[in-house]
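**Q** Before anything else, here's the structure in question.
The values are calculated or read from the model by the stated rules, or taken from the named source; none is laboratory data. All values derive from a computational prediction rather than experimental measurement. No Cβ is skipped: glycine too gets one built from the backbone with ideal geometry, and neighbour counts run over all protein chains shown.
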């Protein structure tokens, strides 16, 4: 496993997600699979208060990129994921966005306040 710091505005960014530059790239090589996960710790309070925000929905958009990338690597399966690790407490985020915590988690938005935040992320990506 490798955890890389992504450079803001000059590193790996995604136009599809509103010029989203996740802070970290986690790469796990396991057998014939390559898991490449983009992780962005952020207070979601500062994002547009819409659960369909492109940065939040990047968990889904990245799967389109995965499908386009896979044919370029016949010997390995490439699995792309994206997570937002929110420093904003879940209760505040739920009120601001008018959704339940489960809706955030289904979109790979996890909350730093949860002791099992990293475990949730790892179980979703592997």
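**Q** Condition test on residue 7, is it within 29 Å of residue 113 (Cα to Cα), without any contact (Cβ under 8 Å) to a residue 24 or more places away in the chain and surrounded by fewer than 17 Cβ atoms within 10 Å (Cβ to Cβ)?
**A** On the way: within 29 Å of residue 113 (Cα to Cα): yes; without any contact (Cβ under 8 Å) to a residue 24 or more places away in the chain: yes; surrounded by fewer than 17 Cβ atoms within 10 Å (Cβ to Cβ): yes.
Taking the combined requirement at face value, the residue satisfies it.
**Q** Check whether at least one residue in the stretch 26-35 is surrounded by fewer than 13 Cβ atoms within 10 Å (Cβ to Cβ), assigned to a loop (DSSP other than H, G, I, E, B) and at pLDDT below 80, and report yes or no. Step through it out loud before you land on a result.
**A** Our first condition is that a residue be surrounded by fewer than 13 Cβ atoms within 10 Å (Cβ to Cβ); within the stretch 26-35, this holds for 27, 29-33.
Remaining after also requiring assigned to a loop (DSSP other than H, G, I, E, B): 31-32.
Subset that is at pLDDT below 80: none.
Taking every residue of the stretch 26-35 in turn, none turns out to be surrounded by fewer than 13 Cβ atoms within 10 Å (Cβ to Cβ), assigned to a loop (DSSP other than H, G, I, E, B) and at pLDDT below 80.
**Q** Given (1) in a strand (DSSP E or B); (2) touching a helix residue (DSSP H, G or I) at 6+ places or on another chain (Cβ under 9 Å), where does residue 55 come up short, assuming only one miss?
**A** Among (1) in a strand (DSSP E or B); (2) touching a helix residue (DSSP H, G or I) at 6+ places or on another chain (Cβ under 9 Å), the lone unmet condition for residue 55 is (1).
**Q** If you don't mind, there's one more thing I want to ask. When only residues in the stretch 68-94 that are over 16 Å from the mean Cα position of the chain (by Cα) and under 19 Å from residue 20 (Cβ atoms) count, which is surrounded by the fewest Cβ atoms within 10 Å (Cβ to Cβ)?
**A** For the stretch 68-94, the residue satisfying everything is 68.
**Q** Moving on. Could you please let me know if residue 113 is assigned to a helix (DSSP H, G or I) and closer than 20 Å to residue 24 by Cα?
**A** Numbers: assigned to a helix (DSSP H, G or I): no; closer than 20 Å to residue 24 by Cα: yes.
Here the answer is no, as residue 113 does not meet what is asked.
**Q** Using beta carbons and a limit of 9 Å, which pairs, at least six apart or on different chains, have the first residue in the stretch 40-61 and modelled with pLDDT under 80 and the second one surrounded by fewer than 20 Cβ atoms within 10 Å (Cβ to Cβ) and part of a helix (DSSP H, G or I)?
**A** From residues that are modelled with pLDDT under 80, the pairs are 45/92; 45/96.
**Q** While we're here: Residue 81 passes all but one of (1) part of a loop (DSSP other than H, G, I, E, B); (2) modelled with pLDDT of 95 or more; which number fails?
**A** Of everything listed in (1) part of a loop (DSSP other than H, G, I, E, B); (2) modelled with pLDDT of 95 or more, residue 81 misses just condition (1).
**Q** Conditions: (1) at pLDDT 90 or above; (2) closer than 20 Å to residue 122 by Cα; (3) surrounded by 15 or more Cβ atoms within 10 Å (Cβ to Cβ). Residue 22 meets all but one. Number of the miss?
**A** (1)
**Q** Can you say whether residue 105 is free of Cβ contacts under 8 Å to residues at least 24 places away in the same chain, out of contact with any strand residue (DSSP E or B) (no Cβ under 7 Å at 6 or more places or on another chain), in a helix (DSSP H, G or I) and surrounded by 14 or more Cβ atoms within 10 Å (Cβ to Cβ), as far as the supplied structure shows?
**A** Numbers: free of Cβ contacts under 8 Å to residues at least 24 places away in the same chain: yes; out of contact with any strand residue (DSSP E or B) (no Cβ under 7 Å at 6 or more places or on another chain): yes; in a helix (DSSP H, G or I): yes; surrounded by 14 or more Cβ atoms within 10 Å (Cβ to Cβ): yes.
Yes; evaluated as a whole, the condition is true for this residue.
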